[in-house]
1. Out of all DSSP beta bridges in the range 73-226, what portion is antiparallel? Express it as a percent rounded to 5.
2. At a threshold of 8 angstrom on Cα-Cα distance, excluding pairs fewer than six apart, so keeping six or more, what relative contact order does the range 73-226 reach in percent?
3. What is the distance, in nm, between label points placed 7 Å from the Cα along the Cα-to-Cβ direction at residue 188 and at residue 25?
4. Would you give the gap between the C-alpha center of the range 160-218 and the C-alpha center of the range 120-137, rounded to a whole Å?
5. Using only the Cα atoms of the range 73-226, what are the Rg and Dmax in Å?
6. Sort 17-25, 101-109, 180-188 by packing, meaning the average of other beta carbons within 10 Å per residue, with the highest value first.
7. Cβ neighbours within 10 Å, averaged per peptide: list 77-90, 146-159, 28-41 in order, most packed at the top.
8. Order of 114-121, 213-220 by packing, highest average Cβ count within 10 Å first?
């Protein structure tokens with residue numbers, strides 16, 4: 001969604017004059033459309049977070065629009081792919097190798113993405129236990145991609161990731177998304193699926209792509225069935 005100067009000012013809790021000044025200074029990411037500045041909601045969120053600005057809660061409330069159905073985790077995983085025997089000897093080199101595996105448009109700056117992922121890890125490990133990590137930024141990463149994707153990477157050798165259970169990481173799920181809404185949706189779906197015994201076993205055993213996708217679909221099916229009474233905790 002492209003926001004106007006007025007929208008950006010309201011979300012960032014500043015005047016429109018301040019928005020124009022930041023844009024002219026090259027400080028605030030903006031796009032010129034029909035001679036008017038437009039802003040991407042997730043880019044504003046990422047930028048405001050880096051600047052430690054107090055923003056309006058409205059920034060993460062992307063409205064649902066017709067035709068904008070959220071993807072299933074299985075569909076996002078099919079889009080992102082599953083890679084085996086990914087190299088790396090520590091967190092930094094592993095993330096560099098993971099970024100190389102991501103199915104991204106040519107214009108995406110992979111070096112920027114790597115820096116953002118490393119910065120997120122510096123704030124606290126994204127390892128979730130049992131040798132699994134979910135590298136992502138503190139707030140949704142901004143990438144101009146056509147659809148959300150989740151890339152699953154199995155490492156050639158486990159590496160230390162600062163996990164609370166102190167287990168080295170051998171499996172990483174990396175999310176990229178064009179919207180905040182889709183990013184948060186996939187994070188919550190992934191957290192649910194990783195609590196499904198069959199799906200988690202398939203991941204931990206590094207089963208075939210077909211088996212993993214089938215177990216993920218089955219787990220998501222139970223999520224839909226239990227939606228009226230279930231919670232994601």
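We did not get these values from a lab; they are worked out from the coordinates using the rules stated. These figures come from a predicted structure and were not determined experimentally. Here Cβ is always computed from backbone atoms with ideal geometry, including for glycine, and neighbour counts include all displayed protein chains.
1. Bridges in the range 73-226 are about 65 percent antiparallel.
2. 26 percent
3. Between residue 188 and residue 25, the simple spin-label model gives 3.6 nm.
4. Distance between centres, Cα-based: 12 Å.
5. Rg and Dmax of the range 73-226, Cα atoms, are 14.4, 42 Å.
6. 180-188, 17-25, 101-109
7. Packing proxy ranking, top to bottom: 146-159, 77-90, 28-41.
8. For the peptides 114-121, 213-220, the packing ranking is 213-220, 114-121.
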